[in-house]
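Some notes on the structure that comes next.
Every number in this text was worked out from the coordinates using simple rules, so none of it is lab data. Here the structure is a predicted model, which is why all the values come from computation and not from measurement. Please note: Cβ atoms are built from the backbone with ideal geometry, for glycine as well, and neighbour counts cover all protein chains shown.
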Amino acid sequence: MPVNLRRVIISLYLVLFVGAGLTSGIFLWQAREEYSQLQRIEAASRQKLAEALARLKEQERILDRLRNDPAYVEKVIRRRLGYAKPDEFVFRFED
């Protein structure tokens, strides 16, 4: 049975085309998965950044009050360090 050279060449090109298509499809799928993962990481990083900026803003507000508000400074010292005025008593209860 004679082999048709044209049919062999067409079959070879078909196999190569299908193989190249599958290979590129696999690479494309992996790239899409990696891109999705990077998007999730970016979203998490943006959330952490927003939280850090909120904490920074709160800390800057507290620092500003400590610099400019003597009543707030007194309140912080009395609460955190347990200081009292000469005519006051401080009662400490354990939680």
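Placing unit charges on the Cβ atoms of the charged side chains and taking the dipole of segment 5-81 about its Cα centre, the candidate lying farthest along the positive direction among Ser45, Ile62, Ser24 is Ile62. The angle separating the long axis of helix 5-68 from the principal Cα axis of greatest extent in the chain is about 10 degrees. Expressed per residue, the C-alpha convex hull volume of segment 5-81 stands at 83 Å³. Between segment 49-69 and segment 79-95, the alpha-carbon centres lie 26 Å apart. With K and R counted +1 and D and E -1, the other residues having a Cβ less than 15 Å from that of Leu81 yield a net charge of +4. Placing pseudo-labels 7 Å out from each Cα toward the beta carbon at Phe27 and Leu49 gives an inter-label distance of 3.1 nm.
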